[in-house]
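Asks: Next up is a structure, given as structure tokens.
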Amino acid sequence: MKLLAAAALLAALVPAAPSGPSLGARNGRLDDCAHPEARLRTGAHGRERNDLTPAQAASVEQRLNRILAGLDLGTTYRADGSKNGAGLRRATQISIPVYFHVIHDGARGNVSTGEVLRQISTLNASYGGRNGGANTGVSFRLKAVSRSNNAAWFSDPERYEGTFKPRLHVGGKGTLNLYSAYIGGDLLGWSTFPWKYRSDPKMDGVTIHYASMPGGSIDHFNKGFSATHEVGHWLGLYHTFQDGCSAQGDRVSDTPAERDPTNGCPSGKDTCTSPGYDPVHNYMDYSYDTCMTSFTAGQGARIHTVWRAYRA
Ligand SMILES: [Zn+2]
């Protein structure tokens with residue numbers, strides 16, 4: 001643990017490259033990682049790279065703004081007449097079918113259907129605001145569980161996802177495919193963004209460490225919020241520390257900017273001069289599961305806008 005803590009300190013002191021393959025130079029695991037939205041355990045994370053170029057990221061935001069502008073015409077979805085898009089959340093509920101793919105090696109990682117259902121319940125509690133924060137108006141319903149007994153897939157899902165995802169993936173752009181496996185190293189999970197679906201639909205989905213599920217064996221990260229966090233990316237949310245203290249941040253106005261990912265569960269962390277303490281309890285930070293409680297209303301509104309643009 002001390003080595004990991006030292007790595008985190010080093011990562012905090014060394015400015016992160018904005019993008020590109022050099023990012024993982026301090027961390028061999030990251031060098032191999034093709035997943036910019038991987039969640040990393042405390043003490044192991046440097047910065048994740050955002051694999052969108054600034055121009056591509058701007059294009060995404062422009063598309064979302066066009067959606068919001070259309071909605072502001074009042075033609076559809078406006079339930080309460082509000083001007084800020086928050087009415088979207090109240091106007092409609094997003095109910096997401098989930099196909100859960102258990103990848104295991106014999107008994108290792110062969111999580112029970114009961115454990116899968118507890119993970120789905122955790123997602124519903126998180127997105128329903130039942131642990132705190134906003135009700136995002138998003139819910140999840142388990143459609144089916146598949147089981148693949150494959151030692152190679154189980155022990156190195158990063159390497160083999162190009163093999164197993166095309167075989168296992170079910171449904172279209174509004175269907176969540178959730179894979180559990182032994183991710184190992186410092187990773188807790190990873191996800192694809194909605195705007196990647198069109199170019200590679202079979203790779204769409206979320207992968208989590210099976211031991212991060214509720215009641216799992218990973219200290220501090222076993223309440224099932226790795227799935228909550230990764231599904232947030234799948235729904236179009238960025239990290240709360242996206243772009244650090246810059247004005248645009250995570251493109252959500254009610255999450256105060258923060259410079260760095262959070263380790264553990266500090267109180268009073270305040271890394272940017274802009275108003276508000278760092279949102280250390282937000283699911284889209286890197287805090288311990290035991291520290292995570294909430295999404296904001298702004299994140300819920302963004303999810304609904306993204307959904308309409310990319311997953312409806
Ligand atoms: Zn993440």
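The numbers here are math on the coordinates, done by the rules we state, and not lab data. Computed from a prediction, not measured in an experiment: that's the story for all the values here. Backbone-built Cβ (ideal geometry, glycine too); neighbour counts: all protein chains shown.
Asks: Enter the per residue convex hull volume of the stretch 207-251, computed from alpha-carbon coordinates, in Å³ rounded to the nearest integer.
Replies: It is 73 Å³ per residue.
Asks: Another one. Strictly over 28 Å apart at the Cα level, which of K165/K223; K143/K202; K165/K269; K223/K269 would you flag in this model?
Replies: Violating the 28 Å limit, Cα to Cα: K165/K269.
Asks: Please pull out the direction-averaged projected area of the stretch 103-186, using the convex hull of its alpha-carbon atoms, in nm² to one decimal place.
Replies: Mean projected area for the stretch 103-186: 6.7 nm², to one decimal.
Asks: Also, I was wondering about something else. Can you pull out the trypsin sites (Lys or Arg not before Pro) in the stretch 92-174 that DSSP calls coil and that have at most 16 other Cβ atoms within 10 Å?
Replies: Hits after loop and neighbour filter: K173.
Asks: For the stretch 228-295, which chymotrypsin sites (Phe, Trp or Tyr not before Pro) pass both filters: DSSP loop (anything but H, G, I, E, B) and at most 13 other C-beta atoms within 10 Å?
Replies: none
Asks: Output the relative contact order of the stretch 117-186, whole-number percent, from Cα pairs under 8 angstrom with separation of 6+ residues.
Replies: Relative contact order here is 23 percent.
Asks: I've got another one for you. Find out how many positive minus negative residues lie around V116, taking Lys and Arg as positive, Asp and Glu as negative, among other residues whose Cβ is under 13 Å from that of V116.
Replies: +3
Asks: Using the Kirkwood radius over C-alpha pairs as Rh, can you work out the diffusion coefficient of the stretch 166-259 via Stokes-Einstein at 20 °C, viscosity 1.002 mPa s, in µm² per second?
Replies: So the translational diffusion coefficient is about 148 µm²/s.
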